[in-house]
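Scroll down for the structure; my scribbles are underneath it.
The values are calculated or read from the model by the stated rules, or taken from the named source; none is laboratory data. These figures come from a predicted structure and were not determined experimentally. A quick note on method: Cβ atoms are made from the backbone with ideal geometry, for glycine too, and the neighbour counts reach across all protein chains shown.
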Amino acid sequence: MDEKEFENIARNLKTFTPQMTQNPYHGIATFFGVPFQPGPENIDIAIAGVPFDLGVTNRSGTRMGPRELRNQSLLVGAYNHHSQMTPCALHRIADLGDVPFRGVYNLEEALQDIEAFFRKIASAGVVPITAGGDHSITYPILKGLAPKKPVGLIHFDSHCDTAPSIHGSAVAHGSPMKNAVEAGLVDPEHAIQIGIRGSSEILWQFSYENKMRVMHIEEFAELGWKKVVKEIRDLMGSRPVYISFDIDCLDPAFAPGTGTPVAGGMSTLEALQTLRGLKGLNVIGGDVVEVSPPYDHAGITALAGATIMFEILCLAAEARAGTCR
């Protein structure tokens with residue numbers, strides 16, 4: 001295929017920018033090369049960054065995540081070889097930039113800013129895909145989406161993030177899933193937490209008490225991704241589903257750049273296979289969080305994160321196309 005033919009195909013997409021045909025180091029980076037616009041008007045799917053890490057309990061740096069995820073996303077491209085589709089052919093998609101913050105020193109105020117930003121997206125009837133930032137952002141994103149009924153949750157992580165108030169805060173990155181359940185945003189009996197491991201196990205009593213499905217990494221390995229996919233699909237059914245992927249679900253060999261790495265996690269391929277198996281679920285949004293570029297100068301973690309983010313984007317695009325038919 002010559003360059004002119006490729007450009008003609010690209011221009012027939014609902015979402016197109018000249019950058020989609022350029023080398024990945026050319027121009028100003030947006031997520032997957034989609035156009036930038038400052039608001040959610042006249043689009044179907046919004047991609048946004050939340051450069052925020054006031055909620056971390058260990059190593060900071062995830063505020064740098066969205067920028068590096070944008071850079072690496074240009075290597076991922078706009079075409080999914082596995083599903084043989086591009087979300088840009090189905091929908092109008094834009095990079096809305098980053099959540100604006102009133103200040104950088106107040107955790108509770110910043111979470112309010114995140115909620116307000118995503119409430120505007122949801123009010124416009126637009127599906128959000130988000131790059132974090134630490135995991136505390138998931139709770140205000142879900143608040144901003146304001147679902148009419150509690151949604152199903154597919155949560156990839158090494159931690160359940162259902163801790164009680166610790167280190168003086170109940171809204172830090174160890175507690176977003178607890179907060180979401182308590183606020184009636186997530187149905188705990190239709191929530192699955194996959195890849196769990198490590199010494200923080202004693203903090204996750206809330207998950208067990210509220211019948212959230214906790215799948216430790218050892219069980220994931222024993223079952224294999226195909227059986228895990230079947231369980232997820234059975235648990236979610238046709239209900240609206242939100243996907244949250246903490247990059248520390250991956251083994252540090254695949255994702256060293258994160259604040260709380262835990263050895264013994266998934267490979268990138270296992271994560272991608274599991275996500276691809278979720279095609280057809282009613283995905284209403286998703287996020288990739290805890291990418292901390294200062295701890296990975298080679299960009300391995302951000303590349304993995306951008307690739308996972310693209311899979312979530314494809315799932316949401318197919319779900320959105322189904323509701324628009």
Please go through region 279-301 and give me each residue that is more than 12 Å from L250 (Cβ to Cβ) and crowded, with 20+ Cβ neighbours inside 10 Å, ordered by number. L281, V283, I284, G285, G286, D287, V289, S292, P293
Every residue in region 66-94 that is crowded, with 23+ Cβ neighbours inside 10 Å and either assigned to a strand (DSSP E or B) or among the acidic types (D, E) (or both), please. E68, I93, A94
Odd one out for M266 among (1) within 13 Å of A131 (Cα to Cα); (2) over 14 Å from the mean Cα position of the chain (by Cα): (1)
Yes or no: L235 part of a helix (DSSP H, G or I), at pLDDT 95 or above and within 22 Å of H81 (Cβ to Cβ)? no
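Tell me which helices (runs of 4 or more DSSP H) are completely within region 138-225 and hold 2 or more residues being modelled with pLDDT of 95 or more and hydroxyl-bearing (S, T, Y), or say none if there are none.
Because the criterion is at least 2 residues that are modelled with pLDDT of 95 or more and hydroxyl-bearing (S, T, Y), the helices (runs of 4 or more DSSP H) in region 138-225 that meet it are 138-145, 205-209.
Of the residues A116, A146, A124, A110, only one is hydrophobic (A, V, I, L, M, F, W, C) and under 23 Å from P188 (Cα atoms); which?
Sole residue among the options that is hydrophobic (A, V, I, L, M, F, W, C) and under 23 Å from P188 (Cα atoms): A146.
State whether the residues of region 215-234 include one that is farther than 22 Å from L275 by Cβ and more than 22 Å from the chain's Cα centre (by Cα).
Looking through region 215-234, none of the residues is farther than 22 Å from L275 by Cβ and more than 22 Å from the chain's Cα centre (by Cα).
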